[in-house]
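Input: a single structure, listed below in structure tokens.
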Ligand SMILES: C[S@@+](CC[C@H](N)C(=O)[O-])C[C@H]1O[C@@H](n2cnc3c(N)ncnc32)[C@H](O)[C@@H]1O
């Protein structure tokens, strides 16, 4: 398990004599595994990202699919990358704190930890913090004298929103929450009309590519959306509700594999893990896609131009061609020969 520096900083708060001490009951939003958590008497985690949720399950910790209701003495928050998502999670956590309960947050400095700490201090009316591993861990107690209007405005940042002029809905924190990804748009513009049979979309996000292929191709019998972010998948369900087709939503870590025998697979593969570029992740998507296709099946991929996916397709014995490119993206279409 890779070290999560923000989580390490957070856990220091519970190990030192000056910190709040190990809580009786706690809920963890954005839950990540830490060795010390297995000693906590009553801890429940919520984690929308499947690989992290799987890791949590493997550690034998208790997990819920939806953010639990009820009031808690301690809520831990390990936010993602987006500002709106972070503030919405603060509000979600605050709402679930009992009076006198404690909200505990940890973030890398590069994610704006100092700024978020100030914002939380303003809303909560109190804050304490430590710095460690280039991260900040800060905590605030829910006293009566907090600014509920600020928390209310943050809560609204976490709702369902529409990408203006598109009819598509998204939510803060998922990929491409405020716009259609230009790479995916390029792929949508070049999708052939003769895609048919059983189709899959790997890393389907909120469903843009699936929507495009269903609009263009009447011969599709079924389409499986594989996506790691459960919130994105929930948006995809809403975005695709108008298609009277066989659509399946699969909350999956694609790197662990997908079903096989597909006639066609489309993908705009991820190539970041957190904030770090991870070319291996995209390459693994291509390998899993190749395994998921029947012989003669087609793969349609969009990628940033600098990503070395041609070599990956070669090593997978796929016959590939570059169908289009612009200043940022390229489209690689490939066929499984054996
Ligand atoms: C570049 S985005 C493309 C999203 C969508 N297809 C679109 O065009 O807007 C890649 C997607 O892969 C998802 N993802 C990242 N890692 C994943 C994994 N291990 N398994 C499944 N999906 C993953 C991300 O959450 C994200 O939605």
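Computed values, structure above
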| read-out | value |
| --- | --- |
| Subset tally (residues that are touching a strand residue (DSSP E or B) at 6+ places or on another chain (Cβ under 9 Å) and more than 20 Å from residue 31 (Cβ to Cβ)) for the range 111-131 | 12 |
| Residues located in the range 225-244, provided they are over 13 Å from residue 160 (Cα atoms) and away from the ligand (no atom under 12 Å from the Cβ) | 240, 241, 242, 243, 244 |
| Qualifying residue in the range 304-319 (condition: at negative phi, in a strand (DSSP E or B), away from the ligand (no atom under 16 Å from the Cβ) and in contact with a strand residue (DSSP E or B) (Cβ under 6 Å, 6 or more places away or on another chain)) | yes |
| Top-ranked residue in the range 195-224 [being assigned to a helix (DSSP H, G or I) and away from the ligand (no atom under 12 Å from the Cβ); ranked as surrounded by the most Cβ atoms within 10 Å (Cβ to Cβ)] | 214 |
| Filtered residues of the range 156-173 (kept if in a helix (DSSP H, G or I) and either surrounded by fewer than 17 Cβ atoms within 10 Å (Cβ to Cβ) or modelled with pLDDT under 95 (or both)) | 156 |
| For residue 232: the one exception among (1) farther than 15 Å from residue 50 by Cβ; (2) at pLDDT 95 or above | (1) |
| Which numbered condition residue 154 misses (of (1) in contact (Cβ under 8 Å) with a residue 60 or more places away in the chain; (2) in contact with a strand residue (DSSP E or B) (Cβ under 8 Å, 6 or more places away or on another chain); (3) more than 10 Å from the ligand (Cβ to nearest atom)) | (2) |
| Residue in the range 174-182 that is within 16 Å of the ligand (Cβ to nearest atom) and in a strand (DSSP E or B) present | no |
| Subset tally (residues that are surrounded by fewer than 19 Cβ atoms within 10 Å (Cβ to Cβ) and within 10 Å of the ligand (Cβ to nearest atom)) for the range 183-194 | 1 |
| Residue match in the range 285-300 (condition: within 11 Å of the ligand (Cβ to nearest atom), within 19 Å of residue 338 (Cα to Cα) and assigned by TED's automatic domain parsing to the domain that holds residue 196) | yes |
| Hits in the range 24-42 (condition: buried (at least 21 other Cβ atoms within 10 Å of the Cβ) and assigned to a strand (DSSP E or B)) | 26, 27, 28, 29 |
| In the range 225-244, the residues that are assigned to a loop (DSSP other than H, G, I, E, B) and either touching a residue at least 40 places away in the same chain (Cβ under 8 Å) or in the same structural domain as residue 53 (by TED's automatic domain parsing) (or both) | 228 |
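The values are calculated or read from the model by the stated rules, or taken from the named source; none is laboratory data. A quick note: this is a predicted structure, and the numbers were derived from the prediction, not measured. Cβ: placed from backbone, ideal geometry, glycine included. Neighbour counts: every protein chain shown.
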